[in-house]
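The values are calculated or read from the model by the stated rules, or taken from the named source; none is laboratory data. Since this is a predicted model, take the numbers as computed values, not measurements. Every residue, glycine as well, gets a Cβ built from its backbone with ideal geometry; the counts of neighbours run over all protein chains shown. Remember, those area values only see protein heavy atoms, side chains included, never the ligands or the DNA or RNA. Shrake-Rupley method; radii C 1.70, N 1.55, O 1.52, S 1.80 Å.
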Amino acid sequence: MDIAESTYYDRKKRAAVPKTESSSTGKRGRPTPGYSLTETGVPISDEQIKEWLLELLEGEEHVYGYKLLGQCIRDVYQVMLNKKKTYRLCKELGILQKARKHVPSHPRTLPKNRFITGSNQLWQMDIKYGYVVGQKRFFFVLSIIDVFDRVVVEQYRGRTCEAKHAVQALMSALERRIQPGETLPVIRTDNGPQFVSKLFGDTCESLGMTQERIPPRAPNMNAYIESFHSILERNLFSRREFMTFEEAFVALDQYMDFYNHRRMHGSLKRMSPMKFSLWVKTLEDTSKFHKSM
């Protein structure tokens, strides 16, 4: 019959088990016990707990959600009641509060098709993960790349990556690349928590800097930073196993020095990003000099 032996015996075993109340109603998992224990081991029925929940809603606690209602039951009646069971009982009673709709502090600005003619006009920013075999832990790599000259203008690496780290990397890149009075670049990101955070949005707004966030499942709109991270994976992370975080960070710093200063790009006239950037700047200065003559 072309049925695996394990499948046949598993179905035969399940067919021999008598149906419980949970299986007859279509619910999966073990049946609910119908009670909870107090700290002293006394069983309290679910019906009693439901009565207490309804009583709480008649008082000042009506503003609470299911988590805080469960905490009240634990505090007042010393019942060991976790949040999952509290949620189930509140759902059965129909007293769950409606989830509050999240209103972002900074609405998303969708990317525009931009004609880039020079450095520091459009930067792309994203996060990649590396792995330390010796620690069995991941680490974060946050990179900012200039779309025109492909220079990675700033990079953060660490065991955690929060909004404050993204802001610090952005500020460091601006201090390094942008002279006073120059127009700030547009920064393009995905919708990661670091980039949709209030802190990051407030920072861009205070600087007068435009932040574009790509639509979900549209990595092609952040193609340059995605391409760089694929190069980083192919040329470094997939070739080496790191035993410590320090070893990984040293190797990453060495590779970034190679990438920015010595790695040739076919799309940059076979120059490194930094060499191409200096070459373009020299051409611009020469053109300005001839125009002034």
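General observations
- Its relative contact order, with pairs defined as Cα atoms under 8 Å and 6+ residues apart, puts the chain at 13 percent.
- Degrees between helix 163-177 axis and first principal axis of the chain (Cα, 0 to 90, nearest 10): 0 degrees
- Bridging of Lys269 to aspartates and glutamates at a Cα separation below 16 Å is possible for Asp149, once same-chain residues fewer than 8 apart are set aside.
- Degrees separating the helix 273-292 axis from the principal Cα axis of the chain, which is the longest one: 50 degrees
- Calculated mean residue ellipticity, 222 nm, the chain: -13500 deg cm²/dmol, from DSSP H runs (n ≥ 4) at -39500 (n - 2.57) each, averaged per residue and rounded to 500.
- Accessible area per residue, Å², the chain with all protein chains present, probe 1.4 Å: 66 Å²
- Pairwise label distance in nanometres, Tyr129 with Arg176, each label 7 Å out on the Cα-Cβ vector: 2.6 nm
- Those lysines that a straight Cα-Cα span of less than 26 Å connects to Lys12, excepting residues fewer than 8 apart in one chain: Lys27
- Among Arg177, Arg188, Arg14, residue whose mean-square fluctuation peaks in a GNM of the chain (springs only between Cα atoms under 10 Å): Arg14
- Under 30 Å, Cα to Cα: Lys pairs in segment 57-145, sequence gap 8 or more or different chains: 18
- Its Cα gyration tensor gives segment 71-218 an equivalent ellipsoid; the semi-axes, largest first and in whole Å, are 41, 20, 14.
- Once the Cα atoms are used to define both axes, helix 245-261 deviates from the longest principal axis of the chain by about 30 degrees.
- Over segment 56-180, relative contact order from alpha-carbon pairs under 8 Å, at least 6 apart, %: 14 percent
- Size of the chain as Cα extents on the principal axes (Å, biggest first): 93, 61, 38
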